[in-house]
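Engineer: Okay, here's the structure, questions in a sec.
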Amino acid sequence: MSTASTAQATSTSPPDTEAAPIRVGVSACLLGEQVRFDSGHKRDRFVADVLADYFELIPVCPEVAIGLGTPRPPIRLVGDPDSPRAVGTRDAGKDVTTDLADYGRTMARRLEGISGYILKSKSPSCGMERVKVYTDTGHPAGSGTGIYAAEIMRANPMLPVEEEGRLNDPVLRENFIGRLYAYHRWQCLMAEGITPEALVDFHTRHKLILMSHSPERLRELGRLVARAGSEPVEPLAEAYGEAFMATLRHRATRRRHTNVLQHLMGYLKGHLDGDDKAELLELIEDYRIGRVPLIVPVTLIKHHFRRHPEPYIDRQLYLHWQPAGLSLWNHI
């Protein structure tokens with residue numbers, strides 16, 4: 001998909017259907033835009049060269065947007081790590097905290113249709129976490145969150161947010177992109193108009209994905225869905241959406257993926273001969289102990305389901321939610 005070229009005033013509206021382009025906010029410097037304080041950039045190859053093929057990336061540089069310009073004197077966070085101020089490193093009287101916070105609130109409204117956000121790590125404006133905070137005298141005081149990033153996340157706590165450096169971790173990368181696609185599907189569901197039947201269907205399609213993240217939370221979500229039809233659906237859906245996205249923040253583990261694979265195999269046992277069963281069991285065990293990546297047993301399972309279709313599994317998104325080109329399961 002194409003990448004937006006403007007960094008400041010882009011506006012997106014909520015998606016109307018699941019076929020709508022998936023929009024993702026991104027710190028503009030990660031796409032190679034020369035908006036850093038030194039007129040440079042921090043182009044990230046995975047973001048700019050890979051993710052740009054699958055998502056519509058919306059670049060934003062809050063520091064340029066509030067008029068700091070390029071090049072510019074750098075800023076840093078000072079004061080209380082829980083409520084820091086953004087001030088000039090050379091001129092502490094240059095306080096841009098309010099400007100960055102106001103712009104964050106403005107962009108949270110303008111970008112209400114995005115399905116995720118990729119932020120520049122360690123940035124006093126865009127850092128998601130672990131941004132250095134200093135005392136007024138220049139000594140380390142702890143770590144906090146960039147001023148702009150804090151407003152974006154505060155405005156939409158369900159929004160999947162990640163930093164570019166953490167996307168180098170295959171597990172964190174798979175988790176973030178999985179949440180991004182899931183949140184987009186949730187946005188589409190809500191845009192189409194929520195009904196008890198639609199909520200139940202959404203939950204059913206995600207059961208195995210949720211199982212890979214937390215079987216306990218899957219059961220909690222099931223109890224919420226069971227109330228559909230007996231109470232107003234809008235507040236129920238709001239509670240479900242928040243719990244759904246919170247569940248996906250739990251990283252899927254090798255043990256939980258193994259449980260899902262074994263669950264899937266249960267639907268195939270009546271169709272496979274002894275050799276096929278033994279082969280699949282061996283690959284699941286190889287994955288469990290870390291000998292092969294997840295894509296290996298998944299590929300064989302998908303092969304067997306093509307030969308022996310199962311309506312319930314056909315409705316599940318677990319085996320099919322990600323584009324093959326992202327290769328997310330080749331490394332976990």
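Just so it is clear, none of the values below were taken in a lab; they were calculated from the coordinates. Predicted, not measured: the structure shown is a model, and the values here were computed from it. Glycine also receives a Cβ, built like all others from the backbone with ideal geometry; neighbour counts cover every protein chain displayed.
Engineer: How many nm separate the modelled label positions at His250 and Glu310, each set 7 Å beyond the Cα in the direction of the Cβ?
Structural biologist: Going by the 7 Å Cα→Cβ label model, 2.2 nm.
Engineer: Given H placed on each backbone N at 1.01 Å, which residues far from Glu112 in sequence or on other chains put an amide H within less than 5 Å of it?
Structural biologist: Thr12
Engineer: 7 Å from Cα along Cα→Cβ at both Lys269 and Val50: what's the point-to-point distance in nm?
Structural biologist: Distance between the two pseudo-spin positions: 3.7 nm.
Engineer: State, to one decimal in nm, how far the label point of Ser230 lies from the label point of Ser39, with both points 7 Å from Cα in the Cβ direction.
Structural biologist: That separation, rounded to one decimal, is 6.8 nm.
Engineer: For the modelled label position 7 Å from the Cα of Asn259 along Cα-to-Cβ, which residues of the range 219-234 have backbone nitrogen atoms closer than 17 Å?
Structural biologist: Answer for the range 219-234: 219-223.
Engineer: Quick one: angle between helix 295-307 and the longest Cα principal axis of the chain, in degrees between 0 and 90, rounded to 10, please.
Structural biologist: 40
Engineer: Still on this structure: If you average the alpha carbon positions of the range 45-80 and of the range 229-293, how far apart do those two centres end up, in angstrom?
Structural biologist: Between the Cα centre of the range 45-80 and that of the range 229-293, the gap is 37 Å.
Engineer: Within the range 67-100, what residues put their amide N at less than 16 Å from the label point 7 Å along the Cα-to-Cβ vector of Thr137?
Structural biologist: 79-80
Engineer: Between Ala324 and Asp286, what length in nm is gained on full extension when 0.36 nm per residue of separation is reduced by their alpha carbon distance?
Structural biologist: Using 0.36 nm per residue and subtracting the Cα-Cα distance, I get 11.5 nm.
Engineer: Pairs of lysines 8 or more apart, or on different chains, with alpha carbons under 25 Å: count those in the chain, would you?
Structural biologist: Close lysine pairs found across the chain: 15.
Engineer: Go ahead and set up a Gaussian network model of the chain, Cα springs under 10 Å, then flag whichever of Ile313, Ile22, Ile118 fluctuates most.
Structural biologist: Ile313
Engineer: Taking the chain as a Gaussian network, where each spring joins two C-alpha atoms under 10 Å apart, which residue of Tyr287, Tyr267, Tyr148 fluctuates the most?
Structural biologist: Top of the fluctuation ranking is Tyr267.
Engineer: I'd like to know how the range 125-204 sits against the 2.2 N^0.38 Å rule of thumb: what's its Cα Rg over that expected value?
Structural biologist: In units of the 2.2 N^0.38 Å rule of thumb, it is 1.51.
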